[in-house]
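The values are calculated or read from the model by the stated rules, or taken from the named source; none is laboratory data. Because the structure is predicted, anything quoted here is derived from the model rather than measured. Every residue, glycine among them, receives a Cβ derived from its backbone with ideal geometry; neighbour counts consider all protein chains shown. Heavy atoms of the whole protein, side chains included, go into the accessibility calculation; ligands, DNA and RNA do not. Shrake-Rupley method; radii C 1.70, N 1.55, O 1.52, S 1.80 Å.
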Amino acid sequence: MRFRIRHETFYNYTGPVSLGPHALRLRPREDGAQRVLAYVLEIKPEPSLVSHALDAEGNVVGHAWFMGTTDRLRITSAAEVETLRANPFDYVPDPGFDRLPAPYPPALAHRLGAYTDARALDATVRGFAHAVLARSGPAPIAFLDELNRAIHERVHRTVRDDGKSAQTAAETLALGKGACRDVTVLYMDCCRALGLAARFVSGYRRGNTARPDRHLHAWPEVYVPGGGWRGWDPVEALAVGETHVALAAGPAQADTMPVEGMFYGAGVKAALAYRLHIAVE
């Protein structure tokens, strides 16, 4: 499946500002599930320097530095991406990965520590995860599928384009509604409650390409020995395959923000807008 994506982000300021360094996570990842055929990044005003590098999570991050002042910032990324994973279950889990809590080997468990940290989980989230486990049985893949369906049925999807961070998992359970980033956090916390390594992914999905108002998407991935990082999408109640394009992944939403930076101006406020076009063939 081939995606053509144009993502425009606009910041308008109520007065002149100086722009601090910005980190841009807008170049799609390249891995066994997708490859980037073309990518162009345009920034206005033009930065004095732009540098791209891999971060600790393997995301391509563009770093931009600015001189002078401006009253607006426009960032446009255009990408053509081919997705490769028609079958989201094209793997065989390693022997022994057959029960929960997840039995990661000690060396792997150490490397996955940031993705399994469950110390701050709410009791209601733990209870929800164990209720799902009681229905699915101890097999990890069966649990992940059942959890995907359970969240899809439990949480009504909403769109929150206010730029605010995700709700906590407990808030999403209590409210019974949330945006894609909210159900992603809920899914991740339920996985971590049972020892599964889970991470937050930002990106795009095919969805309804006839709609003009497209939004950045989010979904969770879980580390499966023998399969690597594998995605599930509670919004669609499906395992993630060729219909999704990943931009960035990390232990928390904050690690995947598409645009991150500061501005300096006394009494100045900023307004954010975006426009996203996705074509799929």
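For this structure, a couple of remarks:
- Where a residue in the range 259-276 is under 15 Å from Leu24 (Cβ atoms) and its partner, wherever it lies, is surrounded by fewer than 14 Cβ atoms within 10 Å (Cβ to Cβ), with Cβ under 6 Å and at least six apart: Gly261/Gly20; Met262/Gly20; Leu272/Gly163
- A residue that is part of a strand (DSSP E or B), open to solvent by 40 Å² or more (accessible area, probe 1.4 Å) and in contact with a strand residue (DSSP E or B) (Cβ under 8 Å, 6 or more places away or on another chain) cannot be found anywhere in the range 247-254.
- Test: Ala56 is open to solvent by 40 Å² or more (accessible area, probe 1.4 Å) and either basic (Lys, Arg) or within 17 Å of the chain's Cα centre (by Cα) (or both): yes
- Selection status of Tyr264, of a type in the set (Phe, Trp, Tyr), closer than 17 Å to Ala198 by Cβ and either open to solvent by 20 Å² or more (accessible area, probe 1.4 Å) or over 11 Å from the mean Cα position of the chain (by Cα) (or both): no
- Candidates are the residues of the range 224-240 that are of a type in the set (A, V, I, L, M) and part of a loop (DSSP other than H, G, I, E, B); the one that is surrounded by the most Cβ atoms within 10 Å (Cβ to Cβ) is Val240.
- Taken over the range 111-121, the criterion of being open to solvent by less than 80 Å² (accessible area, probe 1.4 Å) and without any contact (Cβ under 8 Å) to a residue 60 or more places away in the chain is satisfied by Gly113 alone.
- Verdict on Arg4 being within 26 Å of Arg205 (Cβ to Cβ), out of contact with any Cys (no Cβ under 7 Å at 6 or more places or on another chain) and open to solvent by less than 60 Å² (accessible area, probe 1.4 Å): no
- Residue count for the range 180-212 under the criterion of being within 29 Å of Glu80 (Cβ to Cβ) and more than 12 Å from the chain's Cα centre (by Cα): the result is 7.
- Residue, surrounded by the fewest Cβ atoms within 10 Å (Cβ to Cβ), within the range 60-110, restricted to residues that are outside any loop (DSSP other than H, G, I, E, B) and among the small types (Gly, Ala, Ser): Ala107
- Considering Glu46, Glu42, the condition of being open to solvent by 80 Å² or more (accessible area, probe 1.4 Å), within 21 Å of Tyr274 (Cα to Cα) and either free of Cβ contacts under 8 Å to residues at least 24 places away in the same chain or β-branched (Val, Ile, Thr) (or both) is satisfied by Glu46 alone.
- Subset of the range 9-35 [open to solvent by less than 20 Å² (accessible area, probe 1.4 Å), part of a strand (DSSP E or B) and within 28 Å of Arg206 (Cβ to Cβ)]: Thr9, Ala23, Leu24, Gln34
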